[in-house]
Structures are given as C-alpha cells and as structure tokens.
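The values are calculated or read from the model by the stated rules, or taken from the named source; none is laboratory data. Small disclaimer: the values here were computed from a predicted structure and weren't measured. Don't worry about glycine lacking a Cβ; one is built from the backbone with ideal geometry, like all the others, and counts go over all protein chains shown. The area values use the complete protein model at the heavy-atom level, side chains included, leaving out ligands, DNA and RNA. Shrake-Rupley method; radii C 1.70, N 1.55, O 1.52, S 1.80 Å.
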Amino acid sequence: MTSTITPDTSATAVISVEEQQFNDLIEADSRIEPRDWMPEGYRKSLVRQISQHAHSEIIGMQPESNWITRAPSLKRKAILIAKVQDEAGHGLYLYSAAQTLGATRDDMTDALIAGKARYSSIFNYPTPSWADMGSIGWLVDGAAICNQVPLCRASYGPYGRAMVRICKEESFHQRQGFEILLELMAGTEEQRQMAQDSVNRWYWPALMMFGPPDDDSPNSAQSMAWKIKRHSNDELRQRFVNMLVPQAAVLGVTLPDPDLHFNEETQQWDLGEIDWTEFHEVLAGRGPNNAQRLQRRRDAHEDGQWVREAAAAYARKQSERSEKAAS
Amino acid sequence: MTTPGDSAAEIWPLWEVFVRSNRGLSHVHVGSLHAPDETLAVRNARDLYTRRSEGVSVWVVPAAAITTSDPDAKGAFFESPAGKNYRHASYYSKSEGVKHL
C-alpha cells in the first residue's frame, strides 16, 4: 500500500453528490421541492413542525367555535364562522404540505387523537367571555403572524407556499379581533373590564407561543441552519412585544407586566420574567383544557367515520360504473 | 415515479388544484388535496382555495395522471437553451437607438 498517489478525498468522501446539491440549494437561499433528495433529519424535522402546525390550526377551531352560537350579533357570528372555516383550511394546506414529505394523513390524525403529537399550547386555555374572541384575534393570531411571516421564506417549497396563503388570511383574523376589543373598550365600564380581564389572561400565554427562550430551545439551531426557521424565538417575541405596546395604547388596555419598560439603549421594550413552568405544564398535557380539546377532536373523528366510509363507497361505485360503461 | 403526497397508505387519492383567477388568464397551480372522487375534489377545491373570490374556474387533476421530468436529470434535461442567448431579443444590440424595433 502506498500513499503517494492517493488524492485527498477525506473532506469530500463523507458527503454524497445529492447531499452537496442539497447544501448548495440551501446555501443559495433557493427552495427544496418534494422530489429533491433531502437529509432524513430535514424531512423528519419538517414533518414534525408542519404537522404540529396543522394540528394547532385544527385544535384552534375549538376555543372559538365555542362562541359561534353566542356571538353578540349576526355580523359577528358570520365573521366568526368565516374565521373558524379559515382555520380548517389552514390545517388542510399544512397537512397537504406534510403529505408531500411522505407523512400520511391517517398517521398524523392518529398521532393527534392518541395524544402523541403536539400542538400549540395556547389552545389549551379556556374562552369564558366574548372578549376572548377579541384577545385571540389580536394577541394569539398576532403572535402567529409574527411567527409565520418569516416562514413564508422557509426552505421547503410546499411549506413556504402554504404559509403565504395562511398569512394573507391571518391578517383578517387579527384585525377583527382588535376591532372586537376596540368596541368593548368604547362601551360600558363592564365591557371595558371584560376586555381588560381577557387581555390579562391571554397576554402571557401569547408570548409563550414563540417557544422556550433561545438557550433552552434544542431544535432551533439546526432549523435555522436549514433555513426552515429564520429568526430565534426570543427575537420574534421581542418584535411582537414592540408592536403590541403602541397597539395596547390605541385600545386603552394595559399589558399585565409590571416590569415592562422602554429600554433607551436598545430602543426596545424589555419584558418581565415569563413563567416557563406554566408553559411546560401545559405542554405536558396539564393545561386547563388539554383533555377536553383532545376528547372533542377524537369524538369528531370517530363521529365522521361513516362519512368517510360513505364517500369511499360512493367513489368505488362510480368508478365501477364508469369501467362497465367503457367495456 | 410516485407523486409526492400520494401513497398506498392514503385512503383517498391526491388531486392537484388549478385556479383561473379571471377570464383571460391561465389556470395556475394553487395546491393539492385528497378526495374520494372528482366531484368531491372540485367541491373541496372550491371550499379550500377560493374562499375569497380567488377564482372564476377550478381544475382538479389526479396527481397520478401527471407526467414530470426527472428531477435528478435537472441539468441535462434543460441544457439545450444554455449558450443560445441569440434566442432572446436582447442579444441583438446593434439596432440600439433605432425606433420601433
């Protein structure tokens, strides 16, 4: 054995041609499409993120559908129905995107109703007052938009395209919520109190939607290297709070953080300590409504079984009929 | 080649959805969905992709019916136009300044 003519391949030998192509596309800020080769970790990470996101949209229909029958006017009822229908649509765009990665709809649904898949912890909080429809739109959808706008540029094509559609529709959600609160704040003392009480309950959970602090976010660095994620959790949370403060002033509500203050040096709003114990508790299934949300989803899926069977039977019949006619 | 999103484990076949946003424009691909048959696919496509008057016409195509170029042959398959910039009007620069050309 001689080593004299061996070219130095040690650096390139570990990486395949496909992997190099993948890396080049990511490096060039281009997009990965379903038929492209991708590392198994990239695929897994996307399936996890996209399916969690889809589940959040589907579970997210529940806290609001709670108020459809009790909306204060026909106009508000129509708006709420349109919004809940949008959430269903967003779930479907996202399930479709996850399916292009080889995840099946059945597996994702089963994981959700078996309690094995995660969804945004925010939807495990209750909606006891009408003002909560305002807070969900303003704070929860507002935080979602902040998170989702950078995802429109996610490196996986189908995910980015789904996010573009979703973001367009979310801005209606946020504005209608803001308007609900604005009208309540222009109302009676009781209505103003209801709005403030609701903001007090939703503010912190909304900030937790951005995920754990950067130094405690295990998947973040890899996701950012793959350009799925473009900004860190803390960065997005800060951006959100900076937007909220002037909006709260327009509404005339106070944000329930006594330590919130403007930092002249950074020109940002510094926030107080977030109670991460609560976040981890809710994530672990011990939030106020976890069990109820999952039970309702499970019931809906099981109650829908006959519809899926009937549709499949009808499709089978139709195709048999057309085959007969063709022969 | 299997279509992304289509698999034997899915109970319903995959459909690609195309929407014409206005008369005079082409149908453009907007996404996909699963549905048991073409009638339900078209209805689901309407509910899913045209909730805000995005279209005046919808096409649904079974994803399995689409033939595509091989993604791995990307370079070779599309290399014919490379180096043939004389196919573009901008290649002809000597006529610069001449009107209506």
Looking at the structure I just gave you, is residue A:259 loosely packed, with under 13 Cβ neighbours inside 10 Å and assigned to a loop (DSSP other than H, G, I, E, B)? yes
If I ask for residues that are open to solvent by less than 60 Å² (accessible area, probe 1.4 Å) and without any contact (Cβ under 8 Å) to a residue 12 or more places away in the chain, which ones from the stretch A:262-283 would you list? A:263, A:270
Within the stretch B:57-101, the residues that are within 21 Å of the chain's Cα centre (by Cα), open to solvent by less than 90 Å² (accessible area, probe 1.4 Å) and among the hydrophobic types (A, V, I, L, M, F, W, C) are B:58, B:60, B:61, B:63, B:64, B:65, B:66, B:73
Test: residue in the stretch A:153-164 that is within 14 Å of chain B (Cβ to nearest Cβ) and touching a Phe, Trp or Tyr at 6+ places or on another chain (Cβ under 6 Å): yes
Among strands (runs of 3 or more DSSP E) entirely inside the stretch B:1-65, those with 1 or more residues being within 8 Å of chain A (Cβ to nearest Cβ) are B:14-20, B:27-34
Of the residues in the stretch A:194-240, those that are under 15 Å from the mean Cα position of the chain (by Cα) and either free of Cβ contacts under 8 Å to residues at least 12 places away in the same chain or assigned to a helix (DSSP H, G or I) (or both) number 7
Would you tally the residues in the stretch A:91-112 being within 17 Å of residue A:162 (Cβ to Cβ) and more than 14 Å from the chain's Cα centre (by Cα)? 8
Going by what's in this entry, would residue A:81 be described as among the β-branched types (Val, Ile, Thr) and over 19 Å from the mean Cα position of the chain (by Cα)? yes
Does the stretch A:289-303 include one or more residues that are open to solvent by 90 Å² or more (accessible area, probe 1.4 Å), within 14 Å of chain B (Cβ to nearest Cβ) and of a type outside the set (Asp, Glu)? no
Looking at A:98, A:88 in this structure, which one is part of a helix (DSSP H, G or I), open to solvent by 10 Å² or more (accessible area, probe 1.4 Å), within 11 Å of chain B (Cβ to nearest Cβ) and without any contact (Cβ under 8 Å) to a residue 60 or more places away in the chain? A:88
Residue under evaluation residue A:46, criteria (1) of a type outside the set (Val, Ile, Thr); (2) within 14 Å of residue A:101 (Cα to Cα); (3) open to solvent by 20 Å² or more (accessible area, probe 1.4 Å), criterion not met: (3)
Failed condition for residue A:112, given (1) free of Cβ contacts under 8 Å to residues at least 60 places away in the same chain; (2) over 22 Å from residue A:145 (Cα atoms); (3) assigned to a helix (DSSP H, G or I); (4) away from chain B (no Cβ under 12 Å), with all others met? (1)
